[in-house]
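Just below is one structure, and these are the notes that go with it.
The values are calculated or read from the model by the stated rules, or taken from the named source; none is laboratory data. These numbers were taken from a predicted model, which means no experiment stands behind them. All Cβ positions, glycine included, derive from the backbone under ideal geometry; neighbour counts span all protein chains shown. Surface accessibility is based on the protein's heavy atoms, side chains included, excluding ligands, DNA and RNA. Shrake-Rupley method; radii C 1.70, N 1.55, O 1.52, S 1.80 Å.
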Amino acid sequence: MLTILAVGEDTGLLKTRAEVLRKTGANVLCCSGEAALKYINEWEFDLIVLGHTVRQQDADRISEAAHRNGAKTLVLLLITDKVREEEYKSVNIDAKSFAEPGCLVRSATELLAGRGGRRLVHMPSVKPTASHLTGKKPASEPAEIAARQSLKGSFERRRAV
């Protein structure tokens, strides 16, 4: 099963983007730019999609980690306009795509299909089957970043007392 890591800072947009990416038939995991390096070090992904809300510095570190040691992970950068595209000129990416849903699905599908002959299945979005991450490649997870941030904030407040 193919796996995609969707990275972004806007939780609502990231949740929607995950649902769009699931139309490729891949498992999709979502996270913030800050958390992406942890996931990249723990699991193998076929594709990392960098949303336009990811800071340029984070995008640099994520793409470097994704391509480290000859990894076969591909990096797709979502762009919204030429000005934003120029900001990410130094980032080592494999492809760019507009963020529009149809274009995103098409770009991700073509990129993944060309990486080794794996066949992608177009299917309607699927509900996650697991509520936790297991194994080397994660199952699809909902973009519940806001809930995780809330728990983290709660933990930090208790620890500070």
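The slack between ARG68 and GLU110, meaning 0.36 nm per residue of separation minus the straight C-alpha distance, is 12.9 nm. Over all other residues within a Cβ to Cβ distance under 11 Å of HIS52, the charged ones net out to -1, with Lys and Arg as +1 and Asp and Glu as -1. The coefficient of translational diffusion for the range 20-77, derived via Stokes-Einstein from the alpha carbon Kirkwood radius under 25 °C and 0.890 mPa s, stands at 209 µm²/s. Available extension along the chain between GLU42 and LYS82 is 11.0 nm, counting 0.36 nm per residue and deducting the alpha carbon span.
Heavy atoms of the protein chains alone define the surface here; on that basis the range 1-44 has 37 Å² accessible area per residue at 1.4 Å probe size.
Could you tell me whether the range 66-106 comes out rounded, prolate or oblate from its Cα gyration tensor? Rule is a ≥ b ≥ c as square roots of the eigenvalues, rounded for a/c under 1.5, then prolate if a/b exceeds b/c, otherwise oblate. Verdict is oblate for the range 66-106.
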